[in-house]
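Encoded as structure tokens, the structure appears first; notes follow it.
The values are calculated or read from the model by the stated rules, or taken from the named source; none is laboratory data. Because the structure is a prediction, the values reported are computed rather than measured. Here Cβ is always computed from backbone atoms with ideal geometry, including for glycine, and neighbour counts include all displayed protein chains.
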Amino acid sequence: MVDFCPDDTPELQAWRREVRGFLDENWPRGKVFDYDYDEDESRWAEATEFWRKVGQKGWVALTWSKDYYGLGRPPIEKWILQEEFCFHGAPCYPVIGLAVANAILRLGTPEQRLKHLKGIAEATTWWGEGYTEPGAGSDLASLTTRAHRDGDHWVINGQKTLGTAAHHCKWMVVLARTDPQSVKHNGISMFMVPLDTPGIQMLPLHNMADGQQNQTFFENVRVPADCLLGDEGQAWNQVWFGLGGEKLDSALPTPDLHEWRVIRMLNEVIRYCRETRRGGAPIADDPIVRHKLGELVVGVEALKLMSYEAYAVAAKGAGGRGAARTYLHQGYYKELWPHLAQTYMEIVGPLAQIQGGRWARLQGEAERYFRASFGNHAGGTSQLKRMVLATRGLGLPR
Amino acid sequence: MAIDLNFNDEQQLIENTAREFFAKRSPPELARKYENSEEEFPRDLWREMADLGWLGMNFPAEYDGLDCTFLDVFGIYVEMGRTLAPVPLLDAVALGGALVARLGTDAQKRALLPRIAAGDALVTLAFMEADGLYGAEGVTLPAKKAGDGYSLSGVKLLVPYVKSAERLVVAARTGGTSGEAGVSLFLVDPNGAGVSAERTKNMGGYPLYAVTFDGAPGELLGPADEAWEALNDVMLQAAVLQSAMVVGAGERVLDISTGYAKERVQFGQPIGKHQAVQYLCTDIAIEGQLTRLLALQAAWKIDAGRPFQREASLAKAQASKAAAAMTFAAHEVHAGIGFMIDYDLQLYTLRGKHWEYNLGDQRHHLELVARQTEEVVPAWA
């Protein structure tokens, strides 16, 4: 039965109030922290403190099994929590620990779960991403980082790049080819690598939105055998696809804080247009601005509903068609985001380029958002998502 | 189950039945046959739809209706859109009938609703005037008190199915000059004194008329001067169903386009292998999906008894955009063959233009969205 209301019981409504109360106490409403576009130490420290408090409540691991640091709560509570986090403007959980946890919960041995999930649940251990290579971006399966077995260890050699905030991380999940004869998607394995292992060198890459990504070099990096996650050579199907093909975290998809930043940003734009006068009238009275804002509202509302649908589809345990829908959703988001950023700059006008000080509009927020929107390729470009939608979803030839 | 975008079993059964019914009884050839037809629409098909109970589904049970919800009928509109079924369900039931059901006296309802539900009478809305506006400011045609009743004079455009209609619901002005106050609705006999109709040839070959009222007698439907709120609600609700039709048509346009892209070989390979062509196909899929989600949300809001006006405008703004964008992309995929009148795509393109305008185009609804949006909030809020 069609229904868009997640909290249909007094218990769930009370849960929403509890989450809201926690947020009001622990994070100033609307305070912005984007881990992927921020290198300010004090802001990182604030966000880290916030997530540790979330972790102490057990809410990072809300839906995980009680056997592994979780609270064993139903997925709908996670949905409600995420919704509240989004509309409050709470920061995203830094980097990809939640995705790693999802993979470990699905594929890890009991020992691996006990070893790694605590640090993620308590937000004491940040995890970085070691997928992309200089020669393997959208075509990730062409990666050349290798790992070979040597007694009780794996030895990793190769180079990863564009690792968002990896220098803040203690651990990294690394995709490496373990079968030297293999090509493409076969023969790739996933390793959980402590970043203080000898042979790892990290060099900074600064992105145009004030964030740091990193190049990570692996030279004869020896990690114990239990660093392999899932089956040898099966990472593409078991892990990577699990990360890319589903929304993060365990159980069911929820609002993605990263993606739903477009809602927060659009609300900022609307408020700015209502409160700011130009040429003697509020900007919001300009018919062209109204048209553009209306278009953005339609787009953002539809994007929001795609998340509701993702949850509903997953709740029904639907498979094949759902996957195509996921690519449509991701591709659409990746195009809407920069469109919103461009429109924001257009609306704010020439003063939008001033980055700070008394003459800046919105303390330079529009231009920061504009710069960040060129990071929309993370996790695969919109072109890639459309190609997969066309071939896998619409059945067009590859 | 709290977040759910699936129809319930009954609604799914209705949609499945409708899909089979229209595929079999009203393939696009039928729409082609009824382009510019004197007969206006296929009576036998309409009768079959009446027998299935589809014409009175949203009417109250006491007037031979079925007390159904918008989500119950949503699937029928999707499927009508898929095959372009040339029947006046939107015009005569979702608009004309719904206005009688919402505003009529018991006598008016008793006189019209059971006969609409049985397929014996049509009531259609005469709204549009020469300015081409869908807001209250578009209603200027004056209705003057005359004895016990009212007398209407002026011209209405794009009035559907006038020749078949037993009554027109005419939006007229009894007070004010352009605001919401002063708008009234009247039942007018299109074959009665003071009414003349001229069919206006149009892109989709629809039975649309310019109707001239010259002192035509009108019977008040609903409150004098204060009909705007109800009229606007019903038009917005119908706009959601028009959006559902765009969803169905879009799915068919996508099927036609991907089917062609897989088969058509140029440069030694199917054109669907070219990413430029794949992009066009994904444009259709994306626009359709946006429309489906927004229309579904609006229907849910209507049925839940929540304010739905903003959500209806979100849906129709998107549906209007999609109707144009999806057919445009499909023509880009097809090139020459899509331009040919014997090929079905043009049927969707030309009717799509009517649907894009009908009950408010993108510009109209984006303005309504802008007016009603202070901030974006969760779907349930």
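A few points about this structure:
- The residues in region B:135-162 that are among the charged types (D, E, K, R) and either buried (at least 19 other Cβ atoms within 10 Å of the Cβ) or within 19 Å of B:A230 (Cα to Cα) (or both) can be counted, and the count is 2.
- Number of residues in region A:16-31 that are hydrophobic (A, V, I, L, M, F, W, C) and free of Cβ contacts under 8 Å to residues at least 60 places away in the same chain: the value is 1.
- If the condition is being free of Cβ contacts under 8 Å to residues at least 40 places away in the same chain and in a helix (DSSP H, G or I), then region A:260-283 contributes A:N267, A:I270, A:R271, A:R274, A:E275.
- If the condition is being at the interface with chain A (Cβ under 10 Å from one of its Cβ atoms) and either farther than 13 Å from B:F74 by Cα or among the polar types (S, T, N, Q) (or both), then region B:302-314 contributes B:A304, B:R306, B:R310, B:E311, B:S313, B:L314.
- Among all residues of region A:39-53, there is none that is at pLDDT below 95, in a helix (DSSP H, G or I) and closer than 21 Å to A:P194 by Cα.
- Residue within region A:291-301 that is modelled with pLDDT of 95 or more, within 23 Å of A:M387 (Cβ to Cβ) and crowded, with 20+ Cβ neighbours inside 10 Å present: yes
- Screening A:L243 with (1) within 13 Å of chain B (Cβ to nearest Cβ); (2) at pLDDT below 95 gives one miss only, at (1).
- A:A147 being surrounded by 22 or more Cβ atoms within 10 Å (Cβ to Cβ) and either part of a helix (DSSP H, G or I) or on the phi > 0 side of the Ramachandran plot (or both): no
- Test result for A:G356, more than 14 Å from every other protein chain (Cβ to nearest Cβ), more than 24 Å from the chain's Cα centre (by Cα) and at pLDDT below 95: yes
- Of all residues in region B:233-249 being of a type in the set (G, A, S) and more than 13 Å from every other protein chain (Cβ to nearest Cβ), the one that is surrounded by the fewest Cβ atoms within 10 Å (Cβ to Cβ): B:A238
- Within region B:250-294, the residues that satisfy the criterion of being within 29 Å of the chain's Cα centre (by Cα), of a type in the set (G, A, S) and at the interface with chain A (Cβ under 10 Å from one of its Cβ atoms) are B:S257, B:G259, B:A285, B:G288.
- In region B:350-375, residue nearest to B:P28 (Cα to Cα) [restricted to those that are among the acidic types (D, E) and either outside any helix (DSSP H, G or I) or more than 8 Å from every other protein chain (Cβ to nearest Cβ) (or both)]: B:E356
- Residue match in region B:58-81 (condition: within 21 Å of B:L168 (Cα to Cα), touching a helix residue (DSSP H, G or I) at 6+ places or on another chain (Cβ under 7 Å) and of a type in the set (G, A, S)): yes
- Only one entry in A:R271, A:R264 is surrounded by fewer than 17 Cβ atoms within 10 Å (Cβ to Cβ) and at the interface with chain B (Cβ under 10 Å from one of its Cβ atoms), namely A:R271.
- Odd one out for B:R264 among (1) buried (at least 24 other Cβ atoms within 10 Å of the Cβ); (2) in contact with a strand residue (DSSP E or B) (Cβ under 7 Å, 6 or more places away or on another chain); (3) over 20 Å from B:V78 (Cα atoms): (1)
- Considered as a group, the residues in region B:99-119 that are more than 12 Å from B:L221 (Cβ to Cβ) and in contact (Cβ under 8 Å) with a residue 12 or more places away in the chain include one that is farthest from the chain's Cα centre (by Cα), and that residue is B:R110.
- Test result for A:W27, of a type in the set (F, W, Y), in contact with a His (Cβ under 7 Å, 6 or more places away or on another chain) and over 30 Å from B:Q12 (Cβ atoms): yes
- Residue count for region A:284-294, restricted to those that are within 7 Å of another protein chain (Cβ to nearest Cβ) and either in contact with a Cys (Cβ under 9 Å, 6 or more places away or on another chain) or in contact (Cβ under 8 Å) with a residue 24 or more places away in the chain (or both): 2
- Candidates in region A:359-398 are the residues that are hydrophobic (A, V, I, L, M, F, W, C), within 14 Å of another protein chain (Cβ to nearest Cβ) and over 26 Å from the mean Cα position of the chain (by Cα); of these, the one that is surrounded by the fewest Cβ atoms within 10 Å (Cβ to Cβ) is A:L394.
- Test: residue in region A:23-42 that is more than 25 Å from A:M306 (Cβ to Cβ), loosely packed, with under 14 Cβ neighbours inside 10 Å and within 14 Å of chain B (Cβ to nearest Cβ): yes
- With respect to the conditions (1) under 21 Å from the mean Cα position of the chain (by Cα); (2) in a strand (DSSP E or B); (3) closer than 17 Å to B:E38 by Cα, B:K156 falls short on a single one, namely (3).
- Taken over region A:12-38, the criterion of being under 19 Å from A:R368 (Cα atoms) and part of a helix (DSSP H, G or I) is satisfied by A:Y35, A:D36, A:Y37.
- Screening B:A165 against (1) assigned to a strand (DSSP E or B); (2) buried (at least 21 other Cβ atoms within 10 Å of the Cβ) leaves a single unmet condition, (1).
- Test: residue in region B:62-78 that is more than 25 Å from B:L185 (Cβ to Cβ), crowded, with 24+ Cβ neighbours inside 10 Å and away from chain A (no Cβ under 14 Å): yes
- Where a residue in region A:98-120 is closer than 14 Å to A:F191 by Cα and its partner, wherever it lies, is part of a helix (DSSP H, G or I) and among the polar types (S, T, N, Q), with Cβ under 7 Å and at least six apart: A:I104/A:Q112; A:L107/A:Q238
- The listed residue being over 15 Å from the mean Cα position of the chain (by Cα) and in a loop (DSSP other than H, G, I, E, B), out of B:W46, B:W54: B:W54
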